[in-house]
1. Give just the number: which of (1) part of a loop (DSSP other than H, G, I, E, B); (2) open to solvent by less than 30 Å² (accessible area, probe 1.4 Å) does LYS249 not satisfy?
2. Answer with yes or no whether ASP209 is charged (D, E, K, R), in a helix (DSSP H, G or I), modelled with pLDDT of 95 or more and surrounded by fewer than 20 Cβ atoms within 10 Å (Cβ to Cβ).
3. For the stretch 297-348, give me each residue that is farther than 28 Å from ILE105 by Cα and out of contact with any Phe, Trp or Tyr (no Cβ under 8 Å at 6 or more places or on another chain).
4. Of the conditions (1) modelled with pLDDT under 95; (2) on the phi < 0 side of the Ramachandran plot; (3) open to solvent by 10 Å² or more (accessible area, probe 1.4 Å), GLY79 fails just one. Which one is it?
5. For the stretch 91-123, which positions are part of a helix (DSSP H, G or I) and in contact with a Gly (Cβ under 7 Å, 6 or more places away or on another chain)?
6. Does ILE39 satisfy the condition of being open to solvent by 20 Å² or more (accessible area, probe 1.4 Å) and of a type in the set (A, V, I, L, M)?
7. In the stretch 277-315, what count of residues is obtained for those that are open to solvent by 20 Å² or more (accessible area, probe 1.4 Å), in contact with a helix residue (DSSP H, G or I) (Cβ under 7 Å, 6 or more places away or on another chain) and farther than 30 Å from ARG135 by Cα?
Amino acid sequence: MNRLYTIFLTLLTAIFLTGCYNSEDREKVLKIYNWGDYIDEEVLAAFPEWYKEQTGEEISIVYQTFDINEIMLTKIERGKEDFDVVCPSEYIIERMLVKDLLLPIDTAFGKTPNYIHNISPYVRGEMDKLGLPGRPTSKYAVGYMWGTAGILYNKKYVSTEEASTWHSLWDSKFRNKLLMKDSYRDAYGTAVIYANREALAKGDIKVDDLMNNYSPEAIATAEKYLKDLKPNIAGWEADFGKEMMTKSKAYLNMTWSGDAVWAIEEAEAIGVELGYEVPKEGSNVWFDGWVIPRYARNRKAASYFINYLCRPDVALANMETIGYVSAVATPEILEEKIDTTLETYSNLAYFFGPEARHIQIDPIQYPDSAVVARCAIIRDSGERTQAVLDMWSHVKGDNLGGGLVIFILLTLLVQVIYVSYKKIEKYRNRRNQNRRKRRIKRHHIRR
(Lines give C-alpha, C1' and ligand atoms only; values in the text may rest on other atoms or scores of the structure.)
Protein backbone atom coordinates (compact mmCIF):
# COMPACT_ATOMS: atom_id res chain seq x y z
CA MET A 1 0.00 0.00 0.00
CA ASN A 2 2.82 2.41 0.87
CA ARG A 3 4.47 1.63 -2.47
CA LEU A 4 1.27 2.46 -4.40
CA TYR A 5 0.93 5.69 -2.44
CA THR A 6 4.53 6.66 -3.31
CA ILE A 7 3.94 6.01 -7.03
CA PHE A 8 0.71 8.04 -6.96
CA LEU A 9 2.44 10.93 -5.19
CA THR A 10 5.30 10.90 -7.73
CA LEU A 11 2.90 11.00 -10.69
CA LEU A 12 0.88 13.77 -9.07
CA THR A 13 4.04 15.84 -8.51
CA ALA A 14 5.11 15.33 -12.14
CA ILE A 15 1.70 16.43 -13.40
CA PHE A 16 1.79 19.45 -11.11
CA LEU A 17 5.25 20.49 -12.27
CA THR A 18 4.27 20.04 -15.92
CA GLY A 19 1.22 22.16 -15.38
CA CYS A 20 3.34 24.84 -13.74
CA TYR A 21 5.69 24.90 -16.73
CA ASN A 22 2.86 25.08 -19.23
CA SER A 23 1.18 27.88 -17.34
CA GLU A 24 4.46 29.70 -16.90
CA ASP A 25 4.77 33.05 -18.64
CA ARG A 26 6.56 32.00 -21.82
CA GLU A 27 7.64 35.56 -22.40
CA LYS A 28 10.26 34.86 -19.74
CA VAL A 29 11.63 31.74 -21.43
CA LEU A 30 13.65 31.47 -24.67
CA LYS A 31 13.95 27.98 -26.15
CA ILE A 32 16.97 27.62 -28.47
CA TYR A 33 17.72 24.66 -30.77
CA ASN A 34 21.26 24.66 -32.19
CA TRP A 35 24.01 22.39 -33.48
CA GLY A 36 26.27 20.86 -30.84
CA ASP A 37 29.39 22.92 -30.00
CA TYR A 38 28.17 25.77 -32.21
CA ILE A 39 28.14 28.74 -29.83
CA ASP A 40 30.41 30.22 -27.19
CA GLU A 41 29.05 29.31 -23.74
CA GLU A 42 29.84 32.74 -22.32
CA VAL A 43 27.99 34.39 -25.20
CA LEU A 44 24.96 32.26 -24.40
CA ALA A 45 25.20 32.93 -20.67
CA ALA A 46 25.47 36.70 -21.17
CA PHE A 47 22.31 37.03 -23.25
CA PRO A 48 19.73 37.22 -20.37
CA GLU A 49 21.53 40.17 -18.78
CA TRP A 50 21.85 41.95 -22.15
CA TYR A 51 18.18 41.29 -22.90
CA LYS A 52 17.14 42.80 -19.59
CA GLU A 53 19.30 45.86 -20.27
CA GLN A 54 17.59 46.35 -23.63
CA THR A 55 13.99 45.53 -22.68
CA GLY A 56 13.79 45.66 -18.89
CA GLU A 57 12.44 42.10 -18.98
CA GLU A 58 13.71 38.90 -17.37
CA ILE A 59 14.52 35.93 -19.59
CA SER A 60 15.80 32.41 -18.95
CA ILE A 61 17.20 30.04 -21.58
CA VAL A 62 16.28 26.45 -22.40
CA TYR A 63 19.01 25.22 -24.73
CA GLN A 64 19.00 21.97 -26.76
CA THR A 65 21.27 20.66 -29.51
CA PHE A 66 20.95 18.48 -32.62
CA ASP A 67 23.44 16.74 -34.94
CA ILE A 68 21.43 16.23 -38.14
CA ASN A 69 19.38 18.79 -40.05
CA GLU A 70 16.63 16.34 -40.91
CA ILE A 71 16.12 15.28 -37.28
CA MET A 72 15.76 18.91 -36.30
CA LEU A 73 13.29 19.52 -39.13
CA THR A 74 11.17 16.53 -38.11
CA LYS A 75 10.72 18.02 -34.64
CA ILE A 76 9.83 21.37 -36.14
CA GLU A 77 7.27 19.83 -38.49
CA ARG A 78 5.60 17.83 -35.72
CA GLY A 79 5.39 20.92 -33.56
CA LYS A 80 5.57 18.99 -30.30
CA GLU A 81 8.38 21.18 -28.95
CA ASP A 82 7.90 24.92 -29.00
CA PHE A 83 11.39 26.10 -29.95
CA ASP A 84 11.66 29.85 -30.39
CA VAL A 85 14.84 30.05 -32.45
CA VAL A 86 16.62 27.38 -34.52
CA CYS A 87 19.84 27.20 -36.61
CA PRO A 88 19.33 25.10 -39.79
CA SER A 89 21.51 24.88 -42.89
CA GLU A 90 20.58 26.72 -46.07
CA TYR A 91 18.75 23.90 -47.86
CA ILE A 92 16.64 23.20 -44.79
CA ILE A 93 15.81 26.90 -44.54
CA GLU A 94 14.61 26.67 -48.13
CA ARG A 95 12.51 23.60 -47.31
CA MET A 96 11.04 25.34 -44.25
CA LEU A 97 10.07 28.34 -46.37
CA VAL A 98 8.36 26.11 -48.92
CA LYS A 99 6.44 24.35 -46.13
CA ASP A 100 5.52 27.69 -44.52
CA LEU A 101 7.16 26.78 -41.22
CA LEU A 102 8.79 30.14 -40.48
CA LEU A 103 7.80 33.49 -39.01
CA PRO A 104 9.32 36.78 -40.21
CA ILE A 105 12.03 38.11 -37.90
CA ASP A 106 10.86 41.22 -36.05
CA THR A 107 13.49 43.96 -36.42
CA ALA A 108 11.69 46.65 -34.37
CA PHE A 109 14.21 46.71 -31.51
CA GLY A 110 13.30 50.08 -30.01
CA LYS A 111 16.38 51.74 -28.52
CA THR A 112 18.54 48.72 -29.39
CA PRO A 113 20.60 49.03 -32.62
CA ASN A 114 19.68 46.69 -35.46
CA TYR A 115 22.85 44.61 -35.61
CA ILE A 116 21.32 42.37 -38.27
CA HIS A 117 22.45 45.02 -40.76
CA ASN A 118 26.00 43.80 -39.98
CA ILE A 119 25.45 40.64 -42.05
CA SER A 120 27.54 40.67 -45.24
CA PRO A 121 25.57 41.69 -48.36
CA TYR A 122 27.15 38.66 -50.04
CA VAL A 123 25.62 36.28 -47.49
CA ARG A 124 22.24 37.97 -47.69
CA GLY A 125 22.32 37.83 -51.48
CA GLU A 126 23.21 34.15 -51.58
CA MET A 127 20.57 33.21 -49.04
CA ASP A 128 17.92 35.24 -50.88
CA LYS A 129 18.41 32.89 -53.83
CA LEU A 130 16.54 30.34 -51.70
CA GLY A 131 13.48 32.54 -51.25
CA LEU A 132 10.04 32.40 -52.80
CA PRO A 133 8.31 35.11 -54.88
CA GLY A 134 7.45 37.93 -52.49
CA ARG A 135 9.11 36.10 -49.59
CA PRO A 136 12.87 36.81 -49.56
CA THR A 137 14.88 34.54 -47.30
CA SER A 138 16.46 37.52 -45.53
CA LYS A 139 13.04 38.34 -44.07
CA TYR A 140 12.89 34.92 -42.38
CA ALA A 141 16.53 33.94 -41.80
CA VAL A 142 19.76 35.62 -40.70
CA GLY A 143 23.15 34.15 -41.63
CA TYR A 144 25.24 32.73 -38.79
CA MET A 145 28.30 30.86 -40.11
CA TRP A 146 29.46 30.01 -43.62
CA GLY A 147 32.25 28.32 -45.52
CA THR A 148 33.29 26.21 -48.50
CA ALA A 149 33.77 22.54 -49.28
CA GLY A 150 37.17 21.46 -50.56
CA ILE A 151 40.15 19.17 -50.10
CA LEU A 152 42.21 18.96 -46.92
CA TYR A 153 45.52 17.31 -47.78
CA ASN A 154 48.81 16.16 -46.27
CA LYS A 155 51.56 18.16 -47.97
CA LYS A 156 54.08 15.34 -47.45
CA TYR A 157 52.13 13.02 -49.76
CA VAL A 158 49.97 15.34 -51.87
CA SER A 159 51.10 18.39 -53.82
CA THR A 160 49.12 21.64 -53.92
CA GLU A 161 48.67 21.12 -57.64
CA GLU A 162 47.11 17.70 -57.05
CA ALA A 163 44.82 19.03 -54.31
CA SER A 164 43.67 21.86 -56.59
CA THR A 165 41.55 19.49 -58.68
CA TRP A 166 38.83 16.98 -57.81
CA HIS A 167 40.75 14.47 -59.93
CA SER A 168 42.96 13.74 -56.92
CA LEU A 169 40.01 12.02 -55.23
CA TRP A 170 39.76 9.55 -58.13
CA ASP A 171 43.54 9.15 -58.58
CA SER A 172 44.49 5.49 -57.98
CA LYS A 173 47.77 6.54 -56.32
CA PHE A 174 45.67 7.53 -53.28
CA ARG A 175 43.94 4.17 -52.96
CA ASN A 176 42.58 3.71 -49.42
CA LYS A 177 43.98 7.13 -48.40
CA LEU A 178 40.89 9.25 -48.95
CA LEU A 179 38.27 10.34 -46.42
CA MET A 180 34.89 11.57 -47.62
CA LYS A 181 32.41 13.58 -45.61
CA ASP A 182 29.42 11.39 -44.83
CA SER A 183 27.16 13.92 -46.54
CA TYR A 184 25.12 12.90 -49.56
CA ARG A 185 24.72 16.50 -50.72
CA ASP A 186 28.44 17.31 -50.73
CA ALA A 187 29.31 13.96 -52.30
CA TYR A 188 26.66 14.46 -54.99
CA GLY A 189 27.90 17.95 -55.82
CA THR A 190 31.51 16.79 -56.01
CA ALA A 191 30.67 13.87 -58.30
CA VAL A 192 28.60 15.83 -60.83
CA ILE A 193 31.19 18.61 -60.96
CA TYR A 194 34.01 16.16 -61.65
CA ALA A 195 31.93 14.24 -64.21
CA ASN A 196 31.28 17.47 -66.14
CA ARG A 197 34.71 19.07 -65.68
CA GLU A 198 35.36 19.49 -69.40
CA ALA A 199 32.04 21.25 -70.02
CA LEU A 200 32.74 23.49 -67.01
CA ALA A 201 36.19 24.38 -68.35
CA LYS A 202 34.67 25.38 -71.70
CA GLY A 203 32.01 27.48 -70.01
CA ASP A 204 29.20 25.36 -71.46
CA ILE A 205 27.62 24.90 -68.04
CA LYS A 206 27.74 26.48 -64.57
CA VAL A 207 28.49 24.91 -61.19
CA ASP A 208 25.15 26.15 -59.86
CA ASP A 209 23.24 24.37 -62.63
CA LEU A 210 25.20 21.15 -62.21
CA MET A 211 24.92 20.76 -58.44
CA ASN A 212 21.20 21.49 -58.50
CA ASN A 213 20.34 19.17 -61.36
CA TYR A 214 18.44 16.22 -59.90
CA SER A 215 17.31 14.62 -63.14
CA PRO A 216 17.48 10.79 -63.36
CA GLU A 217 20.48 11.17 -65.70
CA ALA A 218 22.37 13.41 -63.26
CA ILE A 219 21.63 11.09 -60.33
CA ALA A 220 22.83 8.07 -62.33
CA THR A 221 26.04 9.94 -63.23
CA ALA A 222 26.69 10.82 -59.59
CA GLU A 223 26.16 7.20 -58.57
CA LYS A 224 28.58 5.90 -61.20
CA TYR A 225 31.35 8.33 -60.28
CA LEU A 226 30.93 7.82 -56.53
CA LYS A 227 31.12 4.06 -56.96
CA ASP A 228 34.27 4.48 -59.07
CA LEU A 229 35.69 6.47 -56.17
CA LYS A 230 35.18 3.77 -53.54
CA PRO A 231 38.55 1.94 -53.90
CA ASN A 232 40.24 5.13 -52.72
CA ILE A 233 37.97 5.67 -49.73
CA ALA A 234 39.34 4.77 -46.32
CA GLY A 235 36.15 5.91 -44.64
CA TRP A 236 33.01 8.05 -44.74
CA GLU A 237 33.43 10.43 -41.84
CA ALA A 238 31.26 12.87 -39.94
CA ASP A 239 33.85 14.20 -37.53
CA PHE A 240 36.80 11.82 -37.13
CA GLY A 241 38.44 12.95 -40.39
CA LYS A 242 40.29 15.82 -38.72
CA GLU A 243 41.99 13.43 -36.31
CA MET A 244 42.90 10.89 -39.00
CA MET A 245 44.46 13.62 -41.12
CA THR A 246 46.52 15.02 -38.25
CA LYS A 247 47.82 11.50 -37.57
CA SER A 248 48.64 10.93 -41.28
CA LYS A 249 46.33 7.91 -41.45
CA ALA A 250 44.75 9.49 -44.53
CA TYR A 251 46.27 11.85 -47.10
CA LEU A 252 43.13 13.48 -48.52
CA ASN A 253 39.86 14.54 -46.93
CA MET A 254 36.89 15.99 -48.80
CA THR A 255 35.71 18.30 -46.03
CA TRP A 256 34.46 21.73 -44.95
CA SER A 257 36.66 24.77 -44.50
CA GLY A 258 35.92 25.11 -40.78
CA ASP A 259 37.06 21.54 -40.10
CA ALA A 260 40.11 22.18 -42.29
CA VAL A 261 41.18 25.18 -40.22
CA TRP A 262 40.93 23.15 -37.01
CA ALA A 263 42.85 20.20 -38.49
CA ILE A 264 45.64 22.39 -39.89
CA GLU A 265 46.21 24.04 -36.50
CA GLU A 266 46.17 20.71 -34.64
CA ALA A 267 48.52 19.09 -37.14
CA GLU A 268 50.97 21.98 -36.98
CA ALA A 269 51.30 21.45 -33.22
CA ILE A 270 52.61 17.91 -33.82
CA GLY A 271 54.75 18.70 -36.86
CA VAL A 272 52.36 17.59 -39.60
CA GLU A 273 51.77 20.06 -42.44
CA LEU A 274 48.29 20.10 -43.91
CA GLY A 275 46.77 22.36 -46.55
CA TYR A 276 43.31 23.12 -47.94
CA GLU A 277 42.21 23.90 -51.49
CA VAL A 278 38.90 24.62 -53.19
CA PRO A 279 39.35 22.72 -56.49
CA LYS A 280 39.58 24.71 -59.70
CA GLU A 281 36.55 22.97 -61.23
CA GLY A 282 34.29 24.53 -58.59
CA SER A 283 32.61 23.56 -55.34
CA ASN A 284 29.77 24.43 -53.00
CA VAL A 285 29.52 27.25 -50.52
CA TRP A 286 27.31 26.64 -47.49
CA PHE A 287 25.51 28.78 -44.91
CA ASP A 288 23.80 28.18 -41.58
CA GLY A 289 21.28 30.70 -40.36
CA TRP A 290 18.89 31.51 -37.51
CA VAL A 291 15.13 31.24 -38.02
CA ILE A 292 11.98 31.47 -35.91
CA PRO A 293 9.60 28.48 -36.29
CA ARG A 294 5.95 29.24 -36.93
CA TYR A 295 4.83 27.86 -33.54
CA ALA A 296 7.47 29.78 -31.52
CA ARG A 297 5.97 31.16 -28.32
CA ASN A 298 8.50 33.91 -27.66
CA ARG A 299 9.05 35.62 -30.99
CA LYS A 300 10.26 38.84 -29.35
CA ALA A 301 13.11 37.24 -27.39
CA ALA A 302 13.99 35.10 -30.43
CA SER A 303 14.36 38.21 -32.60
CA TYR A 304 16.48 39.92 -29.95
CA PHE A 305 18.67 36.81 -29.65
CA ILE A 306 19.33 36.79 -33.40
CA ASN A 307 20.10 40.51 -33.26
CA TYR A 308 22.46 39.94 -30.31
CA LEU A 309 24.44 37.31 -32.26
CA CYS A 310 25.09 39.88 -34.97
CA ARG A 311 27.02 42.19 -32.65
CA PRO A 312 30.67 42.29 -33.80
CA ASP A 313 32.09 41.37 -30.38
CA VAL A 314 29.66 38.46 -30.04
CA ALA A 315 30.42 37.26 -33.57
CA LEU A 316 34.16 37.34 -32.86
CA ALA A 317 33.72 35.39 -29.62
CA ASN A 318 31.72 32.71 -31.42
CA MET A 319 34.28 32.48 -34.22
CA GLU A 320 37.11 32.12 -31.73
CA THR A 321 35.31 29.31 -29.90
CA ILE A 322 33.82 27.20 -32.68
CA GLY A 323 36.35 27.81 -35.47
CA TYR A 324 33.91 28.70 -38.23
CA VAL A 325 33.50 32.05 -40.00
CA SER A 326 30.73 34.45 -39.05
CA ALA A 327 28.41 35.98 -41.64
CA VAL A 328 28.92 39.32 -39.85
CA ALA A 329 31.10 41.70 -41.89
CA THR A 330 32.06 44.86 -39.96
CA PRO A 331 35.26 46.94 -39.78
CA GLU A 332 35.91 45.52 -36.29
CA ILE A 333 35.96 41.97 -37.60
CA LEU A 334 38.03 42.86 -40.65
CA GLU A 335 40.61 44.57 -38.44
CA GLU A 336 40.72 41.57 -36.11
CA LYS A 337 41.13 39.02 -38.90
CA ILE A 338 43.83 40.79 -40.96
CA ASP A 339 47.12 38.90 -40.65
CA THR A 340 50.15 40.88 -41.84
CA THR A 341 52.42 37.83 -41.48
CA LEU A 342 50.81 36.26 -44.55
CA GLU A 343 52.60 36.59 -47.89
CA THR A 344 49.45 36.28 -49.96
CA TYR A 345 46.77 38.91 -50.57
CA SER A 346 43.07 38.33 -51.17
CA ASN A 347 40.19 40.30 -52.61
CA LEU A 348 37.41 40.33 -50.01
CA ALA A 349 35.50 43.29 -51.42
CA TYR A 350 32.54 40.98 -52.06
CA PHE A 351 32.29 40.29 -48.32
CA PHE A 352 33.57 43.34 -46.41
CA GLY A 353 33.30 46.07 -49.03
CA PRO A 354 35.78 48.07 -51.21
CA GLU A 355 38.26 48.58 -48.37
CA ALA A 356 38.98 44.84 -48.38
CA ARG A 357 39.99 44.61 -52.04
CA HIS A 358 43.66 43.82 -51.32
CA ILE A 359 44.24 42.43 -47.82
CA GLN A 360 46.25 39.82 -45.97
CA ILE A 361 43.73 37.39 -44.49
CA ASP A 362 43.38 33.64 -43.98
CA PRO A 363 42.35 32.38 -47.45
CA ILE A 364 40.72 29.26 -45.99
CA GLN A 365 38.39 31.17 -43.69
CA TYR A 366 37.84 34.00 -46.16
CA PRO A 367 38.27 32.72 -49.75
CA ASP A 368 39.34 35.15 -52.46
CA SER A 369 36.63 36.49 -54.77
CA ALA A 370 37.99 34.30 -57.59
CA VAL A 371 37.40 31.19 -55.46
CA VAL A 372 33.89 32.24 -54.45
CA ALA A 373 33.08 32.94 -58.10
CA ARG A 374 33.40 29.24 -58.91
CA CYS A 375 31.26 28.12 -55.95
CA ALA A 376 27.50 27.89 -55.51
CA ILE A 377 24.87 26.85 -52.97
CA ILE A 378 23.51 23.31 -53.19
CA ARG A 379 19.78 23.88 -52.99
CA ASP A 380 17.12 21.58 -51.57
CA SER A 381 16.41 18.66 -53.89
CA GLY A 382 12.70 18.84 -53.03
CA GLU A 383 10.61 15.98 -54.39
CA ARG A 384 13.78 14.39 -55.82
CA THR A 385 15.29 13.98 -52.36
CA GLN A 386 14.25 10.33 -52.03
CA ALA A 387 15.80 9.50 -55.40
CA VAL A 388 19.09 11.09 -54.28
CA LEU A 389 18.95 9.22 -50.96
CA ASP A 390 18.36 5.94 -52.82
CA MET A 391 21.43 6.67 -54.93
CA TRP A 392 23.40 7.37 -51.76
CA SER A 393 22.28 4.06 -50.28
CA HIS A 394 23.45 2.25 -53.40
CA VAL A 395 26.84 3.96 -53.25
CA LYS A 396 27.50 3.16 -49.61
CA GLY A 397 25.98 -0.31 -49.63
CA ASP A 398 26.76 -1.79 -53.05
CA ASN A 399 29.98 -2.77 -54.77
CA LEU A 400 32.03 -3.21 -51.63
CA GLY A 401 35.74 -2.97 -52.32
CA GLY A 402 37.81 -6.12 -52.14
CA GLY A 403 39.68 -4.92 -49.08
CA LEU A 404 36.43 -4.19 -47.29
CA VAL A 405 35.03 -7.60 -48.21
CA ILE A 406 38.16 -9.28 -46.84
CA PHE A 407 37.88 -7.20 -43.68
CA ILE A 408 34.25 -8.24 -43.19
CA LEU A 409 35.07 -11.91 -43.81
CA LEU A 410 37.97 -11.77 -41.37
CA THR A 411 35.74 -10.12 -38.80
CA LEU A 412 33.15 -12.89 -39.20
CA LEU A 413 35.90 -15.52 -39.00
CA VAL A 414 37.24 -13.99 -35.79
CA GLN A 415 33.72 -13.99 -34.34
CA VAL A 416 33.24 -17.67 -35.27
CA ILE A 417 36.61 -18.59 -33.74
CA TYR A 418 35.83 -16.57 -30.61
CA VAL A 419 32.41 -18.21 -30.18
CA SER A 420 33.93 -21.65 -30.75
CA TYR A 421 36.68 -20.90 -28.24
CA LYS A 422 34.15 -19.77 -25.63
CA LYS A 423 32.14 -22.97 -26.16
CA ILE A 424 35.26 -25.13 -25.80
CA GLU A 425 36.30 -23.16 -22.72
CA LYS A 426 32.83 -23.56 -21.22
CA TYR A 427 32.94 -27.33 -21.94
CA ARG A 428 36.39 -27.64 -20.34
CA ASN A 429 35.29 -25.73 -17.26
CA ARG A 430 32.21 -27.93 -16.90
CA ARG A 431 34.32 -31.07 -17.41
CA ASN A 432 36.87 -29.95 -14.82
CA GLN A 433 34.08 -29.11 -12.37
CA ASN A 434 32.61 -32.61 -12.85
CA ARG A 435 36.04 -34.17 -12.35
CA ARG A 436 36.51 -32.24 -9.09
CA LYS A 437 33.08 -33.34 -7.91
CA ARG A 438 33.88 -36.96 -8.71
CA ARG A 439 37.23 -36.71 -6.87
CA ILE A 440 35.53 -35.19 -3.83
CA LYS A 441 32.86 -37.87 -3.93
CA ARG A 442 35.45 -40.65 -4.16
CA HIS A 443 37.40 -39.06 -1.32
CA HIS A 444 34.32 -39.08 0.91
CA ILE A 445 33.58 -42.69 -0.02
CA ARG A 446 37.13 -43.73 0.93
CA ARG A 447 36.74 -41.99 4.27
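The values are calculated or read from the model by the stated rules, or taken from the named source; none is laboratory data. Everything numeric in this text was worked out from a predicted model, so none of it was measured. Glycine also receives a Cβ, built like all others from the backbone with ideal geometry; neighbour counts cover every protein chain displayed. Surface accessibility is based on the protein's heavy atoms, side chains included, excluding ligands, DNA and RNA. Shrake-Rupley method; radii C 1.70, N 1.55, O 1.52, S 1.80 Å.
1. The one condition LYS249 does not meet is (2).
2. Considered against the rule, which asks whether it is charged (D, E, K, R), in a helix (DSSP H, G or I), modelled with pLDDT of 95 or more and surrounded by fewer than 20 Cβ atoms within 10 Å (Cβ to Cβ), ASP209 comes out as yes.
3. GLU335, GLU336, ILE338, ASP339, THR340, THR341, LEU342, GLU343, THR344, TYR345, ASN347 - these are the residues of the stretch 297-348 that are farther than 28 Å from ILE105 by Cα and out of contact with any Phe, Trp or Tyr (no Cβ under 8 Å at 6 or more places or on another chain).
4. Unmet condition: (2).
5. ILE93, LEU97, VAL123, listed by residue number.
6. Against the criterion (open to solvent by 20 Å² or more (accessible area, probe 1.4 Å) and of a type in the set (A, V, I, L, M)), ILE39 does not qualify.
7. 2
This table checks each residue for (1) closer than 21 Å to TRP35 by Cβ; (2) assigned to a helix (DSSP H, G or I); (3) modelled with pLDDT of 95 or more; (4) in contact with a strand residue (DSSP E or B) (Cβ under 7 Å, 6 or more places away or on another chain).
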site	(1), (2), (3), (4)
ALA302	yes, yes, yes, yes
ASN307	yes, yes, yes, no
ASP313	no, yes, yes, no
ALA317	yes, yes, yes, no
GLU332	no, yes, yes, no
GLU336	no, yes, yes, no
THR341	no, no, yes, no
TYR350	no, yes, yes, no
GLN365	yes, no, yes, yes
